[in-house]
1. Quickly run through region 258-269 and pick out the residues that are in contact with a Phe, Trp or Tyr (Cβ under 9 Å, 6 or more places away or on another chain) and at pLDDT 95 or above.
2. Restricting to region 145-180, give me the number of residues that are within 16 Å of the ligand (Cβ to nearest atom) and under 26 Å from ASP267 (Cα atoms).
3. Could you check, for region 1-21, whether at least one of its residues is surrounded by fewer than 21 Cβ atoms within 10 Å (Cβ to Cβ), touching a Pro at 6+ places or on another chain (Cβ under 6 Å) and farther than 18 Å from TYR107 by Cα?
4. For region 427-448, give me the residue count where each residue is buried (at least 19 other Cβ atoms within 10 Å of the Cβ) and in contact with a helix residue (DSSP H, G or I) (Cβ under 9 Å, 6 or more places away or on another chain).
5. Mind checking whether some residue in region 356-364 is surrounded by fewer than 19 Cβ atoms within 10 Å (Cβ to Cβ), within 16 Å of the ligand (Cβ to nearest atom) and among the polar types (S, T, N, Q)?
6. Which one is surrounded by the fewest Cβ atoms within 10 Å (Cβ to Cβ), of the residues in region 308-341 that are touching a Pro at 6+ places or on another chain (Cβ under 8 Å) and not hydrophobic (A, V, I, L, M, F, W, C)?
7. So ASP132 fits all but one of (1) at positive phi; (2) touching a Gly at 6+ places or on another chain (Cβ under 7 Å); what number is the exception?
8. Can you pull out every residue in region 267-283 that is within 11 Å of the ligand (Cβ to nearest atom) and either of a type in the set (D, E, K, R) or farther than 19 Å from MET366 by Cα (or both)?
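The values are calculated or read from the model by the stated rules, or taken from the named source; none is laboratory data. Predicted, not measured: the structure shown is a model, and the values here were computed from it. Virtual Cβ from ideal backbone geometry, glycine too; neighbours counted across all protein chains shown.
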Amino acid sequence: MPRRLVIASNRTAAPGEPRAGGLAVALYDALTERGGGVWFGWSGEVVERETRGVRLFADGPIDFALADLTQPECDGYYLGYSNRALWPVFHYRTDLAHFDEGEFEAYEAVNRRFGRLLAQQTRPDDLVWIHDYHFLLMGAEMRASGWEGLMGFFLHIPFPAPEVFTSLPQHQRLARGLCAFDLVGFQTDRDAANFRRYLTEQCGGVQNADGTISVFERVVRAETFSIGIDPEDMLSLAGSQEALAAADRLGRIIENRALVLGVDRMDYSKGLPQRMAAFGRMLDESPELRGTVSFLQIAPPSRESVDAYQALRVELDGLAGRINADYGDLDWVPIRYLARGYPREVLAGLYRIARVALVTPLYDGMNLVAKEFVAAQDPEDPGVLILSEFAGAAEQMPDALLVNPHDIAGMADAIERGLLMPVEERRERWNALIRGVRQNDISWWRRSFLDALEACAQ
Ligand code: ADQ
């Protein structure tokens, strides 16, 4: 009998929740392909008074266990420490980080309460797999409540260089928390190396011959498991009625102009202002391309109550407006910028007709849009992927046009090159890219992580 899988993530794909993000889709598939299991997380509800216990219900083979947050918990743990301290620091934006002790205390308290709730749902031979930066301390809290079984953690965002990680006043407490896990998984070799370097240089950790690290009286394994997608699914979405209808709708508006596409959550880590500036610069430098190309940026706002996100929205509105005013014409709008999300089928349809995809985050754990775009292409007439060298995906996708997202001139050149690239070169690059996307797909990610976790028992 395989062990039962128990997953914890801040948000889940419980019925009624949109399963739009990459994480939710990946974890849903992991649970269903294993024949079911438990999925623990925040219900998304904010309640007046703390509710005891979790809400349990089954959806097909998945048993959901959902806990509510109170308003102070949501403010301190989620909007506060997770998104105003951990997210910016882990994305190298210490300038945007707020270090508030009260918010850390709320973070710790929610990790403790959730850790205890999860421990109550587990059996000794379960495989527990906890996800992402919201729950760095949850493993330690589960151990403190007496749970001794196998437990792994996967970080979906980058793990910064030790010199940056240590700017968090609670860095050692967080690292100790991570070392309560048997296995800690990262998106890239660079992330895993940063974590190992932090443990050996700052915490007296000793690297063992088998690759594990002995530290804080424990032995922890830190390895790379780059997340992937289901390329067959993306391809079939790209051929769906909804996809074709979306492509047709957009096609009628942009007519026979080449489509340059960006799809991101509206987040300062995604490099959206730099990307728009690069498009503007390309129009500036290549007057012959004016009127022949249309840039569509889809960016639904997220975390709107965090200041830095409000400022970004204002900046993007201004930039898009300025470029359209400077370069647009009676019958041509250079940038179409839509601050809303779309169903996956619609995105797939747009990926398929795009000549160039701009995936240019300043920093990103992996970036699944890069892989989705490649999977949705027509092999005979594939589009060009322009990818930031600071996205985790760049480690696996060297055949994209790699760019430095801070280098506006370099990105402008890459956009022009992508637009003018002959079909032979586009096919050659795409063939190399799709091979990697198929090889390291979502099943590979799940299997390799869970196999490595089970091996920790031996
Ligand atoms: P995100 O920062 O959310 O994820 P990403 O990897 O690009 O970034 O995943 C986003 C997912 O949401 C994709 O599946 C995409 O199709 C979807 N999406 C994006 N924009 C959308 C839009 N406008 N409308 C609808 N859907 C949209 C975090 C890390 C990443 C890491 C993933 C998974 O920040 O680096 O790749 O987790 O580990």
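1. Across region 258-269, the qualifying residues are LEU259, VAL260, LEU261, GLY262, VAL263, SER269.
2. So the answer is 8.
3. no
4. Result for region 427-448: 8.
5. Looking through region 356-364, none of the residues is surrounded by fewer than 19 Cβ atoms within 10 Å (Cβ to Cβ), within 16 Å of the ligand (Cβ to nearest atom) and among the polar types (S, T, N, Q).
6. Ranking the candidates gives ARG340 first.
7. Only one criterion is unmet by ASP132, namely (2).
8. Within region 267-283, ASP267, LYS270 meet the criteria.
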